[in-house]
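The values are calculated or read from the model by the stated rules, or taken from the named source; none is laboratory data. Fair warning: this is a prediction, and the values are worked out from it, not measured in the lab. Cβ coordinates were reconstructed from backbone atoms using ideal geometry, including for glycine residues, and neighbour counts include every protein chain displayed.
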Amino acid sequence: MEYLHLTSYQKDVLKEIGNIGAGNAATSLSKLLDKKIEMNVPSVNVVGYDELMELIGGPEEIIVGLLFRIHGEAPGTVYLILKVEEAEYLVRQLTNDQDFSLFEGKQDKEMSLSALHEIGNIVTGSYLTALSDFTKINMQPSVPYLGIDMAGALLTAGLLEISKVIDYAIIIDTEIKLDDQVKEGIKGNFFLLPDPESFPKIFEALGINDHE
Amino acid sequence: MNKTSTVVKVGIADLNLVIAPGTIRTSGLGSCVGVVIYDATKKIAGLSHILLPDSSAAKQVKINPFKYADTAIPCLVNSLLENGARKFALKAKIAGGAQMFQFSSGSDMMRIGPRNTEAVEHKLSELNISVISMDVGGNVGRTIEFDPQTGNLKIKKVNKEEFFI
């Protein structure tokens, strides 16, 4: 199978899938925080592994990554990626603990990390529900796996399945912006990395059979 | 190859060489393993950033040999020998092989860090290259930098002081 030459039509389809998912996720997050959420048009990129790291600021960039395995007919991996400040901001909003910091302070972080897991659950759940409804493919997210570490270290975990087959990953990227008049805002990134065998299923479900 | 005092960067599933006074580094090792093979007297070193343990698991016709432990290490050794290193003098230092996420399901893919480390050690012993030191396992990412002048491997982890092995 060759993914390097996706037709622009196929890219549009994947983009639209991302759009629908992001729309749902943005709505959930908006309800959760009681704030207006903006989403931008996602991009679909075919990138090498090193480029993938560069997309989020290089392999050494410290990120908060929530990984979900997708179980069901079209397995894959979803990442919700937040910058450290963004994750802290979200937790502060959700727990009303204005002093929360991921690395400093001695307070018990269990509650805050649990809040992060829950944010991931809600946002990713609604994202996958949208995908699943649209494609009529059964997709179930696993429990969230939280990692706070270097981008390179966290992201390669999601590339392992794909790396046995190809040296590139298709990223359906989605940005969600929290827009209020205050300076602080968040910009979450979704990376949807379908396993290689899932692409034909997704294209078929959408009625595109000429994906070869 | 690099003869000036610069840092040679090695990407994922890639390898490269350096001669003192330069250094060589790779960033964001998670389950991947960084293998440094060097000739201390000739002050030449090679670094390989290995993603997977075994090329026989590949489902590709044309594989990238730098991606797998069993193929990348021989490539690295050959390229060192071609550039003046001596087979008998080769030593190794390794780092990485962490498990970044504690998956509950027991899929083999999820144990990839330890499997990478095992595969690397196995291949090195097959080639009679002894491992001088290593820092592997755990659930943390690592950035490593090797200086062929001193033979020190610098390891940086998130929110930890750098240290040398």
Please go through segment B:129-165 and pick out each residue that is among the small types (G, A, S) and either within 12 Å of chain A (Cβ to nearest Cβ) or out of contact with any helix residue (DSSP H, G or I) (no Cβ under 9 Å at 6 or more places or on another chain) (or both).
B:S133, B:G138, B:G141, B:G151
For segment A:168-182 the number of residues that are among the acidic types (D, E) and at pLDDT 75 or above is 0
Do we find that A:L146 is touching a helix residue (DSSP H, G or I) at 6+ places or on another chain (Cβ under 7 Å), modelled with pLDDT of 80 or more and outside any helix (DSSP H, G or I) in this structure?
yes
For segment A:75-134, the count of residues that are among the hydrophobic types (A, V, I, L, M, F, W, C) and assigned to a helix (DSSP H, G or I) equals 16
Which one of A:G207, A:G185 is within 20 Å of A:L94 (Cα to Cα), of a type outside the set (A, V, I, L, M, F, W, C) and either in a loop (DSSP other than H, G, I, E, B) or at pLDDT below 80 (or both)?
A:G185
Mind checking which pairs have a first residue in segment B:67-84 that is within 14 Å of B:E118 (Cα to Cα) and a second that is part of a helix (DSSP H, G or I), Cβ under 6 Å, 6 or more apart or different chains?
B:Y68/B:S55; B:A69/B:A119; B:A69/B:V120; B:A69/B:K123; B:D70/B:S55; B:D70/B:K123; B:I73/B:K123
How many of the residues making up segment A:30-44 are free of Cβ contacts under 8 Å to residues at least 60 places away in the same chain and either in contact with a Leu (Cβ under 9 Å, 6 or more places away or on another chain) or hydrophobic (A, V, I, L, M, F, W, C) (or both)?
2
Over segment A:9-32, the set of residues of a type in the set (A, V, I, L, M) and either within 21 Å of A:A115 (Cβ to Cβ) or not in a helix (DSSP H, G or I) (or both) is A:A25, A:A26, A:L29, A:L32
Residue under evaluation B:A98, criteria (1) away from every other protein chain (no Cβ under 11 Å); (2) part of a loop (DSSP other than H, G, I, E, B), criterion not met
(1)
Go through segment A:143-165 and give me each residue that's closer than 14 Å to A:L193 by Cβ and either more than 7 Å from every other protein chain (Cβ to nearest Cβ) or of a type in the set (D, E) (or both).
A:L155, A:G158, A:L159, A:E161, A:I162
It is to be established whether one or more residues within segment B:146-164 are in a strand (DSSP E or B) and more than 23 Å from B:A20 (Cα to Cα).
yes
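Table: residues versus (1) among the hydrophobic types (A, V, I, L, M, F, W, C); (2) at positive phi; (3) under 15 Å from the mean Cα position of the chain (by Cα).
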{"residue": "A:S43", "(1), (2), (3)": "no, no, yes"}
{"residue": "A:L52", "(1), (2), (3)": "yes, no, yes"}
{"residue": "A:L55", "(1), (2), (3)": "yes, no, yes"}
{"residue": "A:I62", "(1), (2), (3)": "yes, no, no"}
Checked against (1) surrounded by fewer than 22 Cβ atoms within 10 Å (Cβ to Cβ); (2) of a type in the set (S, T, N, Q); (3) modelled with pLDDT under 80, A:N121 satisfies every condition except (3)
Number of the exception - A:K35 against (1) over 18 Å from A:F191 (Cα atoms); (2) in a helix (DSSP H, G or I):
(2)
Condition first: within 12 Å of another protein chain (Cβ to nearest Cβ) and free of Cβ contacts under 8 Å to residues at least 12 places away in the same chain. Now tell me which residues in segment A:45-95 satisfy that.
A:D50, A:E51, A:E54
Just to be sure I understand, how many residues within segment B:13-65 are hydroxyl-bearing (S, T, Y) and at pLDDT below 90?
2
